[in-house]
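Asks: This is the structure, below, for whatever I ask next.
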Amino acid sequence: MLKLRNSLTGELEEFQPLEEGKVRFYSCGPTVYNFFHIGNARPFIVFDGLRRYLQFKGFEVEFTQNVTDLDDKIINRAKKEGVEPGELAKKYADAYFEDLKALGVRPADNQPRVTEYVEEIVEYVEALIEKGYAYEMAGEVFYRVREFEDYGKLSGRTIDDLKSGARVEVDVRKEDPLDFALWKSSSEGEPSWDSPWGRGRPGWHIECSVMAQKTLGDTIDIHAGGEDLIFPHHENEIAQAESRTGKQFAKYWLHNGLLKVKGEKMSKSLGNFEYARDVLKRYDKETIRYFYFATHYRKPLNFSEKNLQDAASAVDRVYELLDRVEKAGLEYEADKEPETTGGKEFSSRIDDLREEYEEEMDKDFNTPGGLGVIFETVKETNKFLDEGGNEDLFLAAKAANVIRTLGKPLGLFQEERNRSIGGLEEELMELILGLRNDLREKEEWDLADEIRNQLRGLGVEIKDTEGETNWRKKC
Ligand SMILES: [Zn+2]
């Protein structure tokens, strides 16, 4: 039974979707005024993983991720670059989809853009005004925070906390400094739409409530995003959605921890960021995904070259085994029974893996635990092959199949061949090992051993078994 830590209650709760077998899942998308950085990629990757894991467990998942293609940041940047805001947003929305694909993140089922939902947003704001939760002031509309009794239930902040924090903000247009904008008036030359309050555009928070409810329904199962969105963004989403319908907006709120650089949050404003597309020039998508999944999604995570290199070595280790099995020409035959005691034990061990993996992953999507099961399998399978020499080696292929199956929800270990080996590297190794074998045939043992030692110095381990020489890069 999957359990998820619900930010709304702070509890680890059993996951029970509203409709049996079906999950309605919303995750906040990007504001497309620039490329997204590798820290922004964390929610994209971890919630892509959770979506896949839910499907792995047999749920039907409908997933919505919005694109904020209308925002002050877009308008400001477009002004600076001397282009139309719509043009700028389109360019970076395209780049966003390109980068997601390069990271192995599957497209959401629904990808609503704010500019396509302005009419719905206007209707939604009108409904809030009618119910007394919002008011117009000189062409702008604000949400009346004090009117919503549950305000603060997600972030745990009280109106009094907020009041002291908001003291500095003086805004004569508002009844109360706590109130936030649902509709803004646009200045000359800025994107604007007709509304009952004059020409203008939606505020940021309202769009998510509208697009989530329009695509998935009044109450959804999971709402996710980075923990930096809890306040005010998600708090405001709840206020808008629940005051309109009188129903709960989202059953489970999930938040990922932030990516840090030397202890500080990675952010565009601090300038300590790197675009995801630049990191992808140095590391492949599986390395980046592994880097994220090796730490629990709620925890903070440090971005460093070393952590990425460690991730690359870990992914290599799995591919080395998959490659070893493939090179040995081992294939799993489902109806073939193991003959040896060792083989029988190994086979039943593999049968238990899926259950062990799910047990780990069910603990609040504990991906480090799930990966631990995969690595244990890699270790045991290598050992099984090393001890070799029996009829049951085909079971290594059974283990390899399981590794690929368990890697699937994380988007890992799905490639065909060892990605670290190939091309010239592979050919050179064949050449060297061929020459070394000639030396061995001539019983020139010293020279053959010298080659082995020199290769070891380069991080390449070779192994002679049954007249065959295998090699692998050390991790
Ligand atoms: Zn949002």
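The values are calculated or read from the model by the stated rules, or taken from the named source; none is laboratory data. From a predicted model like this one, the values you see are computed outputs, not experimental measurements. Ideal geometry is used to build each Cβ from the backbone, glycine not excepted, and the neighbour counts take in all protein chains shown.
Asks: For region 100-131, give me the residue count where each residue is assigned to a helix (DSSP H, G or I), touching a residue at least 60 places away in the same chain (Cβ under 8 Å) and under 17 Å from SER27 (Cα atoms).
Replies: Residues flagged as assigned to a helix (DSSP H, G or I), touching a residue at least 60 places away in the same chain (Cβ under 8 Å) and under 17 Å from SER27 (Cα atoms) within region 100-131 amount to 1.
Asks: Can you name the residue in region 331-354 that is assigned to a helix (DSSP H, G or I) and β-branched (Val, Ile, Thr) and is also surrounded by the fewest Cβ atoms within 10 Å (Cβ to Cβ) among such residues?
Replies: Filtering first and then ranking leaves THR341.
Asks: So, one more: Which of (1) buried (at least 22 other Cβ atoms within 10 Å of the Cβ); (2) more than 14 Å from the ligand (Cβ to nearest atom); (3) over 17 Å from GLU126 (Cα atoms); (4) of a type in the set (Gly, Ala, Ser) is the odd one out, the single condition GLY189 does not satisfy?
Replies: (1)
Asks: If you take the residues in region 240-250 that are touching a residue at least 60 places away in the same chain (Cβ under 8 Å) and in contact with a helix residue (DSSP H, G or I) (Cβ under 7 Å, 6 or more places away or on another chain), which one is nearest to the ligand (Cβ to nearest atom)? Give the derivation first.
Replies: First, the residues of region 240-250 that are touching a residue at least 60 places away in the same chain (Cβ under 8 Å): 240, 242-244, 250.
Filter once more, so that each one left must be in contact with a helix residue (DSSP H, G or I) (Cβ under 7 Å, 6 or more places away or on another chain): 240, 243-244.
On the way: GLN240: 11, SER243: 17, ARG244: 16 Å.
Taking the candidates together, the pick is GLN240.
Asks: Let me ask another. Go through the residues of region 47-69 one by one and say whether even a single one is within 16 Å of the ligand (Cβ to nearest atom), buried (at least 19 other Cβ atoms within 10 Å of the Cβ) and part of a helix (DSSP H, G or I).
Replies: We begin by selecting, within region 47-69, every residue within 16 Å of the ligand (Cβ to nearest atom); these are 47, 63-69.
Still in the running and buried (at least 19 other Cβ atoms within 10 Å of the Cβ): 47, 63-69.
If we keep only those that are part of a helix (DSSP H, G or I) as well, we get 47.
Yes, that holds for at least one residue.
Asks: Sticking with this structure for a sec: Need pairs with beta-carbon distance below 8 Å; first residue modelled with pLDDT under 80 and within region 163-184, second assigned to a loop (DSSP other than H, G, I, E, B); sequence gap 6+ or separate chains.
Replies: Cβ pairs passing all conditions: LYS163/PRO177; LYS163/LEU178; ALA166/PRO177; ALA166/LEU178; ARG167/PRO177; GLU169/PRO177; VAL170/PRO177; ASP171/PRO177.
Asks: How many of the residues in region 257-272 are polar (S, T, N, Q) and farther than 15 Å from GLY226 by Cα?
Replies: The total comes to 2.
Asks: Moving on. For region 192-206: of the residues being in a helix (DSSP H, G or I) and modelled with pLDDT of 95 or more, which is nearest to the ligand (Cβ to nearest atom)?
Replies: This residue is HIS205.
Asks: Continuing with the same structure: Go through region 357-400 residue by residue and tally those that are under 30 Å from ASN6 (Cα atoms) and in a loop (DSSP other than H, G, I, E, B).
Replies: Summing the residues that are under 30 Å from ASN6 (Cα atoms) and in a loop (DSSP other than H, G, I, E, B) in region 357-400 gives 4.
Asks: Follow-up question, since we're still on this one. Does ILE403 satisfy being of a type in the set (Val, Ile, Thr), assigned to a helix (DSSP H, G or I) and farther than 30 Å from LEU371 by Cα?
Replies: Taking the combined requirement at face value, the residue does not satisfy it.
Asks: I'd like the full set of residues that are away from the ligand (no atom under 16 Å from the Cβ), under 18 Å from VAL105 (Cα atoms) and part of a loop (DSSP other than H, G, I, E, B), limited to region 12-46.
Replies: Passing the criteria: PHE35, ILE38, GLY39.
Asks: Test LEU229 against the criterion of being within 11 Å of the ligand (Cβ to nearest atom) and either free of Cβ contacts under 8 Å to residues at least 60 places away in the same chain or assigned by TED's automatic domain parsing to the domain that holds LEU88 (or both), and give yes or no.
Replies: Against the criterion (within 11 Å of the ligand (Cβ to nearest atom) and either free of Cβ contacts under 8 Å to residues at least 60 places away in the same chain or assigned by TED's automatic domain parsing to the domain that holds LEU88 (or both)), LEU229 qualifies.
Asks: Still on this model: Give me the residue from region 207-225 that is more than 10 Å from the ligand (Cβ to nearest atom) and in contact with a helix residue (DSSP H, G or I) (Cβ under 9 Å, 6 or more places away or on another chain) and, out of that set, nearest to GLU136 (Cα to Cα).
Replies: Taking region 207-225 and keeping what is more than 10 Å from the ligand (Cβ to nearest atom), we get 210, 213-222.
Then keep just the ones that are in contact with a helix residue (DSSP H, G or I) (Cβ under 9 Å, 6 or more places away or on another chain); that gives 210, 213-214, 218-220, 222.
On the way: VAL210: 19, GLN213: 23, LYS214: 24, ASP218: 25, THR219: 27, ILE220: 29, ILE222: 32 Å.
Among those that are more than 10 Å from the ligand (Cβ to nearest atom) and in contact with a helix residue (DSSP H, G or I) (Cβ under 9 Å, 6 or more places away or on another chain), it is VAL210.
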